[in-house]
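The values are calculated or read from the model by the stated rules, or taken from the named source; none is laboratory data. Please read these numbers as outputs of a predicted model, since none were measured by experiment. Neighbour counts are summed over all protein chains in view; Cβ atoms, including those assigned to glycine, are modelled from backbone coordinates with ideal geometry.
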Amino acid sequence: MTILADHGRDEQPYADGPTVRACNLDLVRAEFCRQYPAEGTGRQKADARRKAFKRSLLDAQAANLIQMRETNDVQLVWLIKPEMDR
């Protein structure tokens, strides 16, 4: 939420869709890694965080909480409002 508020921008990811507040997925990933606890070597921590982030994205998509789309070589992510379900 912090990244979305601080770094989000209004985007229209689909030509026929609404304008949404979206942000670069890389920024979300970086913040997730700062907040996710992990143990082990640097490589082990990075691997644990990478896997946890992937699981979190898949879970959020499955629960219809977020949507993602690549536009202009940037992977965007945004929160889905209930009325926006596609």
task = Give the range 1-20 a look and list any residue that's in contact with a Phe, Trp or Tyr (Cβ under 8 Å, 6 or more places away or on another chain) and either at pLDDT 95 or above or not in a helix (DSSP H, G or I) (or both), or say none.
result = Gly8, Glu11, Pro13, Val20
ask   = Here are some conditions: (1) at positive phi; (2) exposed (fewer than 10 other Cβ atoms within 10 Å of the Cβ). Asp10 meets all but one. Which one does it not meet?
value = (1)
request  = Kindly indicate whether Gly42 is of a type in the set (Gly, Ala, Ser) and in contact (Cβ under 8 Å) with a residue 60 or more places away in the chain.
outcome  = no
key: Which numbered condition Pro18 fails, given (1) of a type outside the set (Gly, Ala, Ser); (2) exposed (fewer than 15 other Cβ atoms within 10 Å of the Cβ); (3) out of contact with any helix residue (DSSP H, G or I) (no Cβ under 7 Å at 6 or more places or on another chain)   = (3)
